[in-house]
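The values are calculated or read from the model by the stated rules, or taken from the named source; none is laboratory data. This is a predicted model, so every value here is computed, not measured. So basically every Cβ, Gly included, is an ideal-geometry build from the backbone, and we count neighbours across all protein chains shown.
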Amino acid sequence: MDSNPIVQPEQNTASKYLAFQNLQYALSKHIRDPENNHFQPLKSPGVVSLPIEERRLEAYSSLFYNNLFDFFSNLFPVLKSIVGDERWHEITREYLQKHSSKTPLFHELGQEFLSFCQSEFTPLDSDPAYLLELAHYEWVELAVGIDEAEGPLNPIGLTLDWQQIYELSPVAWPLAYEWPVHRIDVDSMNLDKPDWVTTLLVYRDDDDAVQFMALSPILYELLNAIMNAEDKTLWVVLSEMAEQMGEPVESLQGFSEQVLEALLAQNILSPLS
């Protein structure tokens with residue numbers, strides 16, 4: 001029995017699917033870089049051209065680009081204001097030309113932009129040296145705000161117990177930057193790189209608002225130590241840190257106790273149940 005009647009439709013379907021994929025790929029290349037990728041699809045290779053009105057194609061490309069441009073502008077407003085509209089358009093277009101997004105979710109494009117800045121972006125001499133760090137700082141607000149994790153809710157009046165094991169709220173992130181990103185704006189964009197690290201805590205409060213708090217380097221290290229402590233009590237964590245620093249543990253205790261009490265009250269720190 002001839003099997004062609006059975007096989008042939010499957011081959012035709014596969015061929016049509018491949019042709020549709022190629023059409024999508026050609027259109028996406030044009031949208032990413034319309035100046036260097038002319039879109040002129042063919043009905044079949046080398047045979048019949050399928051004309052498309054340039055006005056319609058331009059409208060579709062502009063709609064796609066403007067949505068992305070507006071999203072990045074809203075997510076990174078300080079960075080955009082510092083580099084200016086013209087340069088921001090150049091950066092957005094470079095992102096489209098070079099970066100292949102790994103996520104279908106629109107709200108995760110900020111993280112894709114950071115990946116682009118880290119590995120594919122070609123900075124100009126006029127671009128600020130803190131561009132990546134400032135972009136990360138601005139992205140963090142969205143990331144913590146939409147995080148599906150829930151922070152703890154401590155009993156009112158809970159006091160600090162040095163023999164207790166504690167954990168940091170999953171929506172509280174200690175951050176360290178080489179630049180003072182929380183103080184950079186259009187009026188202070190030409191600052192020199194400081195000799196010290198900027199340490200911050202970003203967290204989502206009980207009203208689901210994202211807040212930022214400046215930390216001393218010692219408190220930053222302590223919060224990171226608590227995050228990685230596993231089954232160690234707060235006193236053990238503090239003692240190990242004091243030994244590494246060559247400082248008396250009582251000195252660190254007096255320095256940190258009031259702040260840790262405040263973090264308990266704000267539901268940023270909680271006892272491990």
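I need a count of the residues in the stretch 130-169 that are surrounded by 13 or more Cβ atoms within 10 Å (Cβ to Cβ), out of contact with any Phe, Trp or Tyr (no Cβ under 6 Å at 6 or more places or on another chain) and of a type in the set (Gly, Ala, Ser).
4
Go over the candidates 195, 206 one by one and state the one that is free of Cβ contacts under 8 Å to residues at least 24 places away in the same chain and under 29 Å from the mean Cα position of the chain (by Cα).
195
Yes or no: residue 199 surrounded by 15 or more Cβ atoms within 10 Å (Cβ to Cβ), modelled with pLDDT of 95 or more, under 30 Å from residue 131 (Cβ atoms) and not assigned by TED's automatic domain parsing to the domain that holds residue 126?
So residue 199 fits the description; yes.
Taking residue 124 as the residue in question, decide whether it is among the aliphatic types (A, V, I, L, M), surrounded by fewer than 18 Cβ atoms within 10 Å (Cβ to Cβ) and within 26 Å of residue 191 (Cβ to Cβ).
The answer is yes for residue 124.
Being under 17 Å from the mean Cα position of the chain (by Cα), over 27 Å from residue 228 (Cβ atoms) and not in a helix (DSSP H, G or I) is the requirement here; does residue 100 meet it?
yes
Within the stretch 156-179, can one find any residue that is part of a strand (DSSP E or B), over 22 Å from the mean Cα position of the chain (by Cα) and not assigned by TED's automatic domain parsing to the domain that holds residue 83?
Checked the stretch 156-179: at least one residue is part of a strand (DSSP E or B), over 22 Å from the mean Cα position of the chain (by Cα) and not assigned by TED's automatic domain parsing to the domain that holds residue 83.
Looking at the structure I just gave you, is residue 220 modelled with pLDDT of 95 or more, part of a strand (DSSP E or B), within 23 Å of residue 137 (Cβ to Cβ) and of a type in the set (Ser, Thr, Tyr)?
No: the conditions fail for residue 220.
Pull out all pairs, ordered by first then second residue, where Cβ-Cβ is under 9 Å, the residues are six or more apart or on different chains, the first lies in the stretch 155-169 and is at negative phi, and the second is among the acidic types (Asp, Glu).
Listed pairs, sorted by first residue: 159/261; 160/257; 160/261; 162/257; 165/230; 165/231; 169/150.
With respect to residue 180, determine if the residue is closer than 16 Å to residue 227 by Cα and surrounded by 17 or more Cβ atoms within 10 Å (Cβ to Cβ).
No, not satisfied.
Does the stretch 107-121 hold any residues that are loosely packed, with under 14 Cβ neighbours inside 10 Å and either assigned to a loop (DSSP other than H, G, I, E, B) or not assigned by TED's automatic domain parsing to the domain that holds residue 69 (or both), and which are they?
Listed by number, the list holds a single entry, 120.
Inside the stretch 96-106, can you point out the residues that are surrounded by fewer than 18 Cβ atoms within 10 Å (Cβ to Cβ), hydrophobic (A, V, I, L, M, F, W, C) and more than 18 Å from residue 138 (Cβ to Cβ)?
Matches in the stretch 96-106: 105 only.
Out of 214, 172, 225, report the one residue that is of a type in the set (Gly, Ala, Ser), touching a helix residue (DSSP H, G or I) at 6+ places or on another chain (Cβ under 6 Å) and surrounded by 12 or more Cβ atoms within 10 Å (Cβ to Cβ).
225
Any idea which residue in the stretch 244-273 is surrounded by the fewest Cβ atoms within 10 Å (Cβ to Cβ), counting only those that are farther than 26 Å from residue 178 by Cα and free of Cβ contacts under 8 Å to residues at least 60 places away in the same chain?
My answer is 273.
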